[in-house]
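Below you'll find the structure, written out as structure tokens, and then a few comments.
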Amino acid sequence: MKVVNSIFLAVLIIAAVNWGAIGLFNVNLISMLFGSISDVIVRIIYILAGIAGLWAFSFFGKIDDDDMSRE
């Protein structure tokens, strides 16, 4: 499960950086990197980013568990 969490967290960070670049510079890094290859690949990356965002909700429960074990 730790590997899945790490993968989804990495995808979530990449998505956040991409949205920051879109907001600040109007540059879509994902489309720029993969757009010439295939629109399907870009769409898959966006779907994975959405799933990673939903998966991140599970991290809230883990934060509470970690805080209780330290006390």
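The values are calculated or read from the model by the stated rules, or taken from the named source; none is laboratory data. All values derive from a computational prediction rather than experimental measurement. Using ideal geometry, Cβ is built from the backbone for each residue, glycine included, and neighbour counts are taken over all protein chains shown.
Residue pairs, Cβ under 7 Å, 6 or more apart or interchain, first in the range 45-62 and touching a residue at least 24 places away in the same chain (Cβ under 8 Å) and over 14 Å from ALA16 (Cα atoms), second surrounded by 13 or more Cβ atoms within 10 Å (Cβ to Cβ) and of a type in the set (Phe, Trp, Tyr). List them.
Listed pairs, sorted by first residue: TRP55/PHE8.
Quick one: is ILE44 within 14 Å of the chain's Cα centre (by Cα), aliphatic (A, V, I, L, M) and modelled with pLDDT under 90? Even if it seems obvious, please write down each step before you answer.
Values: within 14 Å of the chain's Cα centre (by Cα): yes; aliphatic (A, V, I, L, M): yes; modelled with pLDDT under 90: yes.
So ILE44 fits the description; yes.
Would you call LEU9 part of a helix (DSSP H, G or I), within 18 Å of PHE59 (Cβ to Cβ) and either polar (S, T, N, Q) or without any contact (Cβ under 8 Å) to a residue 60 or more places away in the chain (or both)?
In short, yes.
With ALA21, ALA16 as the choices, which residue is part of a helix (DSSP H, G or I), surrounded by 14 or more Cβ atoms within 10 Å (Cβ to Cβ) and at pLDDT 90 or above? Don't jump to the end; show me each part of the working.
Values: ALA16 fails: surrounded by 14 or more Cβ atoms within 10 Å (Cβ to Cβ).
Result: ALA21 is the single residue among ALA21, ALA16 that is part of a helix (DSSP H, G or I), surrounded by 14 or more Cβ atoms within 10 Å (Cβ to Cβ) and at pLDDT 90 or above.
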